[in-house]
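Contents: one structure, followed by commentary.
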Amino acid sequence: MKLLFDQNLSPKLVQRLADILPGSQHVSEIGLGSEDDQKVWRFAQTNGFTVVTKDADYNDLSVLFGSPPQIIWLRLGNCTTAQVERCLRRNIEMLEALEIDSTLRVLELL
């Protein structure tokens, strides 16, 4: 599974999770840091990424356009990069299930 971390998440997550999620990227690393959600959506769709975000707008895009891409919606409130990392590691089995089941559009992690 390749994750595309949205602008509202730290670019450090790419390296911190490389052992379990290789090939992941942050929008700022690929020139999409200041682009709108629809452009990020299309990039993820075209390039086989799952979008990770704290932004409800991606859920709305999923309702409108379906999937791909799939969305991991972090509903963690204000938190540290370490807390986001722990959340994703703790839920790796759910991420793997999302990858397997293409009918699932959004995984909410609380």
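Residues of the range 1-33 being of a type in the set (S, T, N, Q) and closer than 18 Å to Leu61 by Cβ, which ones? Write out each step before concluding.
Taking the range 1-33 as the starting set, the residues that turn out to be of a type in the set (S, T, N, Q) are 7-8, 10, 15, 24-25, 28.
Correct list: Gln7, Asn8.
If the condition is being within 12 Å of the chain's Cα centre (by Cα) and under 18 Å from Arg16 (Cβ atoms), then the range 86-108 contributes Leu88, Leu95.
Bear in mind these aren't lab numbers, they're just calculated from the coordinates by the rules spelled out. Fair warning: this is a prediction, and the values are worked out from it, not measured in the lab. In this analysis, Cβ positions are derived from the backbone assuming ideal geometry, glycine residues included, and neighbour counts consider all displayed protein chains.
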